[in-house]
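Some notes on the structure that comes next.
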Amino acid sequence: MQMHSLSFDVSHTLAGGLVLISFMMLYQDRLYSLLNVFALHALVLALSVAWQAFVQDAPHLYITATIALVFKAIIIPVALHRIVKQLGIHRDIESAVGIGPTMLAGMALVALSMVLMLRVTAEADPLAREDLAFALSVVLLGLLVMVTRRNAVSQVVGFMSLENGLVLAATGAKGMPLVVEISVAFSILIAFIVIGIFLFRIRERFDSVDVSALDDYRGERR
Amino acid sequence: MNVLSFDPVAAVLIIPIGSAALLAILPGYRLTARLNVVASLATFLSSLSLFVIARPPPGPYVLVDDLNIVFIVLNTFVGFTTSIFSASYIAHELETGRLTPVYLRFYHAMYQTMMFGMNLAFVSNNIGLMWVAVEIATLTTVLMVGIYRSHAALEAAWKYFILGSVGIAFALFGTILVYMAARPVVGEGQDGMIWTLLIRHAANFDPALLNVAFIFLLLGYGTKVGLAPLHAWLPDAHAEGPTPISAVLSGLLLNVALYALLRFKILLAANPAAIAPGPLMVTMGLVSLVFAAFMLYRRRDIKRLFAYSSIEHMGIIVFAFGMGGPLANFAGLLHMVMHSLTKSAIFYAVGHISQIKGTQRISGIRGLTVTHPALGWCLVTGVVAIAGVPPLGIFMSEFLVVSSTFARQPLLAIVLVFGLLLAFGALTLRLTSVAFGEPRGSTKSAEASYVPMFAHLSLVLIAGIYLPAPLVTWFQHVARLLG
């Protein structure tokens, strides 16, 4: 019993920590600090996944944890740091919405996911249901980061934090197959699509990664 | 298993992915374009052999049943005809310098990878694998939409990528929830994701969890289907990418997402305590139809026009499947096939036309039937078909949708007919200005490939006049499967 409640508390704390860090992302107004917060997010995810691997006695999840740690907490933030530096865009992030409304919206989303998930999973085991509720919160907050930022780099960071929420949900669902494959697929996706192609192309054409520069042009009005 | 025995399921997967690897390393435009056509033909022929060769029993990853054979054959057929069109289209793009040989190699490899992703999504029996396959297909199209690297193409690809990722995320979350619902009943691990096992035990799943899962799946895969209000990526992606990609996007990729949605709809329908998926799909379908019909009037770009028309038709199809019942499902299935054939034929014509005229603006294209009779009349036939004029195939499927709805929900049918007439008006308006009147723009002769267009349009015409009895029986059977 003691062991069970400890394992419950630890995973609860880690998942709750992810939600908290997602909130911290909402009010970062500089790219460097946003990247640092994201690295922290990935680190906590790695810890959480490793804890799930230990509790569920599922060694393959350690692979997912290692991917989260090495790839998302170290390689991607460092690479994005360099890109931001090279492009000289480490000035303020231009948010589409102010911090106040964003935080309020974030709280509403977390409340929504708690009410929704805790209500529908009443029959599931408590560890999984709390995990799922937190995971949905992280997903929705990641979505919020994506829609409130106009800069391509911060949109990608939002997407990655959203994906962290999905990994949290997948590892929380005990015995779910293909978790490792999915996390590998996501990492490849991020590595190739985002950094390799889009940023390269966007920079090549406009010397800017500000997506609003793209918004000026619409096929309808040419 | 005998090494020499022919396995059609493996063939429809291995041929595309193998040729993708080959196309990525081979140089030379003529060779790769031909190889692309040959590979697509081989895939199509192997998919046809699914009809004759005994099907493999449903395994942990692969499932072949009466439902997905329809999708696979349609998919590989349109993939094959598009590869023929693509060969002549891309030759012109190389001449004008819009594409460089390196990008062309990339383009062909991506084309086959996309075919692989779509076929994998259709044959997968594992909902996790299906999700991965849909994502492969989507991401390759993102890359191809951005291939011209122009301002507009990049914006379109970025928008597609961002909205597509949101769809990805929601669909995966929904898939995880389905697994959570299945776990207590089916058991942990692999089994909880195998569709044939899920459907057998669906009645005992926790209905509340299944409901939430379906909402996420509807939003996630619905983004890919292009349902309003999640359609924002679709017109841009269609307008800015190469036209062969517009043709496969409209004709095939939307169907892949629709197929995923249908699988989960069947799952939900098997649980009596869960919400009925029908009304949600009916609402989204009708909203898409009416919204897209209004949007058709304001389009200035010819590819965008037909992109909105795709939203409209996906709306009709989702509406029909949402209504459910043997007749509406039959109509939905038929409409899906007819729409794929007609819309890709239209895009073939539009692709050649916009290359000749050097513009996609509707105001820059006039009098096509005078200057380019073959292309012009193909476009006229295609648009007349898509607008739902008898005796072509789309008229018949739309008629079935409308009449089955009138019999059950007259009020919904009125909205449906309103949307259809609205779209009809917009399309005729644009068609008359593009096809008839004083010719405008370049009148140089077309080096078009007419075979794919003629093949699609004659199939649509034949289907409108006479549907062979075995096909009808098959579709009726599938319609009953869909519930």
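Brief remarks on what is shown
- Filter result (crowded, with 23+ Cβ neighbours inside 10 Å and facing another protein chain (nearest Cβ under 9 Å)) within the stretch B:159-168: B:161, B:165, B:168
- Within the stretch B:207-230, tally of residues that are closer than 15 Å to residue B:288 by Cα and either modelled with pLDDT of 90 or more or surrounded by 24 or more Cβ atoms within 10 Å (Cβ to Cβ) (or both): 9
- Selection count, the stretch B:429-483, where residues are among the polar types (S, T, N, Q), at pLDDT below 90 and within 23 Å of the chain's Cα centre (by Cα): 1
Yes or no, residue by residue, for (1) free of Cβ contacts under 8 Å to residues at least 12 places away in the same chain; (2) aliphatic (A, V, I, L, M); (3) surrounded by 21 or more Cβ atoms within 10 Å (Cβ to Cβ):
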residue	(1), (2), (3)
B:370	no, yes, no
B:375	no, yes, yes
B:378	no, no, yes
B:393	no, no, yes
B:422	no, yes, no
B:442	no, no, no
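- Condition met for residue A:166 (at the interface with chain B (Cβ under 10 Å from one of its Cβ atoms), closer than 30 Å to residue B:205 by Cα, open to solvent by less than 30 Å² (accessible area, probe 1.4 Å) and aliphatic (A, V, I, L, M)): yes
- Restricting the first member to the stretch B:197-214 and to residues that are at the interface with another protein chain (Cβ under 9 Å from one of its Cβ atoms), and the second to residues that are among the β-branched types (Val, Ile, Thr) and open to solvent by 40 Å² or more (accessible area, probe 1.4 Å), the beta-carbon pairs closer than 6 Å and six or more apart or on different chains are B:211/B:275.
- Of the set (1) more than 22 Å from residue A:20 (Cα to Cα); (2) crowded, with 22+ Cβ neighbours inside 10 Å; (3) small (Gly, Ala, Ser), all apply to residue A:79 but (2).
- Extreme residue, farthest from residue B:133 (Cα to Cα), among residues of the stretch B:76-117 that are among the β-branched types (Val, Ile, Thr) and buried (at least 19 other Cβ atoms within 10 Å of the Cβ): B:90
- Every pair of residues 6+ apart whose Cβ atoms lie under 8 Å, when the first sits in the stretch B:173-184 and is facing chain A (nearest Cβ under 7 Å) and within 21 Å of residue A:138 (Cα to Cα) while the second is polar (S, T, N, Q) and open to solvent by 10 Å² or more (accessible area, probe 1.4 Å): none
- Count of residues meeting criterion [open to solvent by 30 Å² or more (accessible area, probe 1.4 Å) and over 23 Å from residue A:150 (Cβ atoms)] in the stretch A:15-44: 3
- Whichever residue in the stretch B:63-92 is out of contact with any Asp or Glu (no Cβ under 9 Å at 6 or more places or on another chain) and small (Gly, Ala, Ser) and, among such residues, is farthest from residue B:344 (Cα to Cα): B:87
- For the stretch B:185-196, filtered to residues that are under 31 Å from the mean Cα position of the chain (by Cα) and open to solvent by 10 Å² or more (accessible area, probe 1.4 Å), the residue that is nearest to the other protein chains (Cβ to nearest Cβ) is B:190.
- Some residue of the stretch B:27-48 being in a loop (DSSP other than H, G, I, E, B) and hydrophobic (A, V, I, L, M, F, W, C): no
- Flag if residue B:133 is facing chain A (nearest Cβ under 9 Å), touching a residue at least 12 places away in the same chain (Cβ under 8 Å) and surrounded by fewer than 24 Cβ atoms within 10 Å (Cβ to Cβ): no
- Restricting attention to the stretch B:42-69, the residues that are within 14 Å of residue B:12 (Cα to Cα) and within 21 Å of the chain's Cα centre (by Cα) add up to 12.
- Checked against the criterion of being open to solvent by 20 Å² or more (accessible area, probe 1.4 Å), more than 12 Å from chain A (Cβ to nearest Cβ) and within 25 Å of the chain's Cα centre (by Cα), the candidates B:272, B:279, B:244 yield just one match: B:279.
- Of the residues examined, residue B:54 is one that is open to solvent by 50 Å² or more (accessible area, probe 1.4 Å) and free of Cβ contacts under 8 Å to residues at least 24 places away in the same chain.
- Residues of the stretch A:131-143 satisfying the condition of being crowded, with 24+ Cβ neighbours inside 10 Å and under 18 Å from residue B:161 (Cβ atoms): A:139, A:142
- Residue, nearest to residue A:18 (Cα to Cα), within the stretch A:171-182, restricted to residues that are within 7 Å of chain B (Cβ to nearest Cβ) and open to solvent by less than 10 Å² (accessible area, probe 1.4 Å): A:173
- Selection from the stretch B:144-157 of residues that are within 9 Å of chain A (Cβ to nearest Cβ) and either touching a residue at least 60 places away in the same chain (Cβ under 8 Å) or open to solvent by 10 Å² or more (accessible area, probe 1.4 Å) (or both): B:146, B:149, B:150, B:151, B:152, B:155, B:156, B:157
- Counting only helices (runs of 4 or more DSSP H) that sit wholly inside the stretch A:71-177, those with at least 1 residues that are within 27 Å of residue B:179 (Cβ to Cβ) are A:99-120, A:126-148, A:152-172.
- Any hit, the stretch A:89-104, residues being within 12 Å of chain B (Cβ to nearest Cβ) and open to solvent by 40 Å² or more (accessible area, probe 1.4 Å): no
- Residue B:403 falls short of the stated requirement of being open to solvent by less than 10 Å² (accessible area, probe 1.4 Å) and more than 24 Å from residue B:244 (Cα to Cα).
- Subset of the stretch A:110-128 [crowded, with 16+ Cβ neighbours inside 10 Å and more than 9 Å from chain B (Cβ to nearest Cβ)]: A:110, A:113, A:114, A:127
The values are calculated or read from the model by the stated rules, or taken from the named source; none is laboratory data. Since the model is a prediction, treat every value here as computed from it, not as a measurement. A quick note on method: Cβ atoms are made from the backbone with ideal geometry, for glycine too, and the neighbour counts reach across all protein chains shown. For the accessible areas, the whole protein counts, side chains as well, though only heavy atoms, and no ligand, DNA or RNA atoms are used. Shrake-Rupley method; radii C 1.70, N 1.55, O 1.52, S 1.80 Å.
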